[in-house]
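The values are calculated or read from the model by the stated rules, or taken from the named source; none is laboratory data. If you're wondering where the values come from, they're calculated on a predicted model, not measured in any experiment. Don't worry about glycine lacking a Cβ; one is built from the backbone with ideal geometry, like all the others, and counts go over all protein chains shown.
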Amino acid sequence: MILTILEVVLPVFLVIGTGYAATRSGLFSAGAVDGLMVFTQGFAIPCLLFVAILRLDLRAVLDTGLLVSFYAGAVVCFALGIVGARVIFGRRPGEAVAVGFSALFSNSVLLGLPIMERAYGTEALAPNFAIVALNVPVCYFLGITAMEFSRADGRNAFETARTIAKALMRNALMVALVFGFVFNIFAIPVPTAAQSALDMLSQAALPAALFGLGGILTRYALRASLGESGMILALSLVLHPTIGYVLAVHVFHLSEDFVRAVVVTAAMAPGVNTYIFASIYNRGQAQAASSVLLGTGLSVLTASAWLALLGGVR
C-alpha cells in the first residue's frame, strides 16, 4: 500500500524537483521559467479548465455538500490564520490577512489535479473541477475584501467591490471558467478543430506547470518566519482536509469519489497565488514564500498520508 501511494505521489514531485534542479543549476534560465509560467497559467491551464467545465455534468457535480465540505474548512483556516497572526505573532491587520490567505488558498490545480489523476484516474476528476471552478473567485473575494477593509487606507464598499471585480476579470483562470460555464449551460458547440487544439494545450498544461513550479520555487527562501509558516501549514495540510473529511463523511454522507475530491484538494500545500496576493499588497511576502516552499516539500508526506487514509488508490 505504501509503495503504491509513493508511486502515485512521487512522480508529481519529481517533475517539480526536476524543474527546481534545472533552474538552480542554470540549465533552465529564470527567463525561461517566466515564459513557461506565462504559457501554463495564461494559456494551457485556462484551456484545461475551459474544456473540463465544458464537459462537466453540472447537475451531478455542483453538489452543495461537496462545496460546503471543502469551503467551510477553507474559511475556517482563513479566519484562524488571521487570528493566529494577530494574537500569537503580533502582526498588523494587513499582514494577518496575507497570512490567513496562505492558509486559505490550496494549490488545487498544479498539485491537486495531477495527484488526484494519478491516484484515481482521469474519470475521477469531475468533482475536483467543480471545487476548482469556485476556488479563484471565492478565495480572491475573501482575501481582497478582508485586505481592503483591514488596511488603514481601506476603500469604501463600492471601491472595494470594484477592486475585487477587476482582479477577478484580469485572472485568465477566472475568464476560462466563466466561458466554460457559459458554453456548458447554453450548449454552445465548439468546432472540432478548435476542440482538438484545446485538448492539445490541455494535455501540456499540468506537466509544464509542475516543471515551472519547480523553477519558481528557486526564488523563495525559508526565512525568519518559520513559526507563522508552520501555523499556515498545520491549518492547510492538516486542519483543512480534516474538516473536509468530517463534513463530507459524517455530515453530508457524500459518495466515495466526492470525499476523495474534497480531502485531496484540501490537503494540498498553499499555491503560488498566495505569494502573488501578498506581493500585490506588499504584506506578508516572507510568510507566504516560506509556506509555499516548505509546504510543497511536505506535501510528499502529507498527501501520501491522506491517500492512505482514503484508500482505494488504483
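A few notes on this one:
- Among residues of the stretch 112-133 that are on the phi > 0 side of the Ramachandran plot, those with a Cβ under 8 angstrom from a residue that is surrounded by fewer than 22 Cβ atoms within 10 Å (Cβ to Cβ), sequence gap 6+ or separate chain, pair up as G121/R314.
- Flag for V251 being touching a residue at least 24 places away in the same chain (Cβ under 8 Å) and not charged (D, E, K, R): yes
- The helices (runs of 4 or more DSSP H) found entirely in the stretch 1-119 that carry 1 or more residues being under 18 Å from the mean Cα position of the chain (by Cα) are 2-24, 30-39, 45-55, 64-87, 93-104.
- Residue count for the stretch 27-66, restricted to those that are aromatic (F, W, Y) and within 13 Å of G212 (Cα to Cα): 2
- Residue selection: L142 fails the criterion of being buried (at least 16 other Cβ atoms within 10 Å of the Cβ), modelled with pLDDT under 85 and not β-branched (V, I, T).
- Qualifying position, being touching a residue at least 24 places away in the same chain (Cβ under 8 Å), farther than 26 Å from Y71 by Cα and among the hydroxyl-bearing types (S, T, Y), among Y281, Y220, Y275: Y220
- Single condition I53 does not satisfy, out of (1) in contact with a Phe, Trp or Tyr (Cβ under 9 Å, 6 or more places away or on another chain); (2) modelled with pLDDT under 95; (3) β-branched (V, I, T); (4) surrounded by fewer than 21 Cβ atoms within 10 Å (Cβ to Cβ): (4)
- Of all residues making up the stretch 111-139, the number that are among the charged types (D, E, K, R) and surrounded by 18 or more Cβ atoms within 10 Å (Cβ to Cβ): 1
- Residues that are touching a helix residue (DSSP H, G or I) at 6+ places or on another chain (Cβ under 9 Å) and more than 26 Å from F252 (Cα to Cα) do not occur anywhere in the stretch 70-78.
- Within the stretch 72-95, considering residues that are buried (at least 21 other Cβ atoms within 10 Å of the Cβ) and modelled with pLDDT of 95 or more, the one farthest from P241 (Cα to Cα): A85
- Residue match in the stretch 246-257 (condition: in contact with a Ser or Thr (Cβ under 9 Å, 6 or more places away or on another chain) and within 25 Å of Q41 (Cβ to Cβ)): no
- Subset of the stretch 61-118 (residues that are of a type in the set (D, E, K, R) and more than 28 Å from F50 (Cβ to Cβ)): R86, R91, R92, E95
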